[in-house]
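Just below is one structure, and these are the notes that go with it.
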Amino acid sequence: MTLPQGFATDSASALPLYVLDRTQLAGWLAQQPAALAAWAQAQRFDAAPGSVLLLPGSEGLAGAVLGVGDREDAYAYAHAPFALPAGSRWQAQGLGDAEQALLQLGWGLGSYRFSRYRKPQRAAAELVATPPAAVTDLVQACLRVRDWVNTPTEDMGPEQLEAAAREIAAEHGAQIEVITGQALLQRNFPTIHAVGRASHRAPRLIELHWGDAAHPHLVLVGKGVCFDTGGLDLKPADGMRHMKKDMGGAAHALALAGLVMARQLPVRLTLLIPAVENAVGPDAFRPGEVITTRTGLTVEVDNTDAEGRLVLCDALAYASESKPALILDFATLTGAARIALGPDLPALFANDDAVAQAWIDAGDRTRDPVWRMPLWRPYLRYLTSHVADLANAGSRMAGAVTAALYLERFVPAGQAWAHLDVYAWNDSDRPGRPAGGEALALRSAWAMLEARFGG
């Protein structure tokens, strides 16, 4: 098995690493030589979360203490790879299996730097460990999201997103079909085609199938808008700057599908990614157009920058036709969700209380939270159209809620469904969370699915 970045197997030059929180420090120091306790005191080291104390020895560095906070949070350990000296090698001391796994998960996440276009400015410290497959698969899924979201659209357009899906499908023996360009109209996916038709890169629906037909059917859907100019309702420059990340929902869904297959979750999996570029051109869809969607509902285009819900509505309608046990969709859908909850807390909407609570509980366990928002149906009035069944946007009021309500119109009553409005991005560098693409609520989504379907 290939080790994730940040890990090593050769312990010859490894130094001891002690992982302590504030409550444990005094007891640990009492067992150490007086000189070491004096050294810690001179450094004013109190094992605060995110801290490191390097321990001196007769031949230089003799070890280190890693200060942590919430010991059940993988990110409590994620500062280590870049807080410890570059290229150094460490072996954790005195941890149980559960905490070893969390340390390894945090170390894997914390070792990441996006390196496609330049080498990292410094090497990460390495942990001597062989993470179990469950940890390695989870790290890989999270880092895939980061890599895909960080990649500029020139190298991560609809066709490259398709290539990534094909690579994962081949890895796990999944079946894949891609409906491209004019074929979307022939196969009745009009809104996906409308949003993507102006780009020189053809829009497409990526469809992956895996698993035993006897198992419960799980459908994952991800918004794959590989770049969003806003269309004819053009975004300003600062609003367009990071729109390579508008396929963050697709990145989450694809990475989660890879995790489901790698962990052999007993489900029949379908993955649907409508992949488009919302471009400006002679064939761009226009404000005021009316599109007849897959379900037959007509939609007036109030704003071409509300394109994510358009590509998702046909995909959700298609997902619902097979009456699966559960549909989950992921989308970088609204700025309103970020205004309400900030960048770190994805907004969860669900038409099933049990599904919502299971995801919330999984978020608490994994420290990868979601926050439930209401499907407040009286706000459907904000999507009123005078010429069609509904509009794709309208009032600025309750923008995250109205976007979710729009999607819900394409999910039949009784079909279990949850929608995650996710930012998929870190605006600035934090320990373990470098600026750029981020997997949010991916670990809790997996924990929820594992608890629901894992047996």
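Here, each number is a calculation from the coordinates, and none is a lab measurement. Fair warning: this is a prediction, and the values are worked out from it, not measured in the lab. Because the Cβ atoms are built from the backbone with ideal geometry, glycine has one as well, and the counts that use them run over all protein chains shown.
Label residue 264 and residue 130 with points 7 Å out from Cα along Cα→Cβ: what is the distance between them in nm? Modelled inter-label distance: 1.9 nm.
Okay, helix-only estimate at 222 nm for the chain: each DSSP H run of n ≥ 4 adds -39500 (n - 2.57), divide by all residues, round to 500 deg cm²/dmol; what do you get?
One gets -10000 deg cm²/dmol as the mean residue ellipticity at 222 nm.
With neighbours defined as other Cβ atoms within 10 Å of a residue's Cβ, the residues 376, 210, 371, 107 order from fewest to most as 376, 371, 210, 107. So, in Å, what gap is there between the alpha-carbon centers of the stretch 109-131 and the stretch 286-324? Centre-to-centre (Cα) distance: 41 Å.
With K and R counted +1 and D and E -1, the other residues having a Cβ less than 10 Å from that of residue 178 yield a net charge of -2. With K and R counted +1 and D and E -1, the other residues having a Cβ less than 14 Å from that of residue 168 yield a net charge of -3. Other residues lying with their Cβ under 11 Å from the Cβ of residue 201 contribute a combined charge of -2, Lys and Arg counting +1, Asp and Glu -1.
Compared with the dominant principal axis of the Cα atoms in the chain, helix 442-453 is inclined by about 80°. Among the lysines in the chain, how many pairs, 8 or more places apart or on different chains, have alpha carbons under 25 Å apart? For the chain, the number of qualifying lysine pairs is 8. Ranked for footprinting exposure by Cβ neighbours inside 10 Å, fewest first, 223, 245, 323 give 323, 245, 223.
Give the order of 332, 180 when sorted by the count of other beta carbons within 10 angstrom, beginning with the fewest. Could you put the intermediate results ahead of the total?
Values: 332 30, 180 18.
Result, fewest neighbours first: 180, 332.
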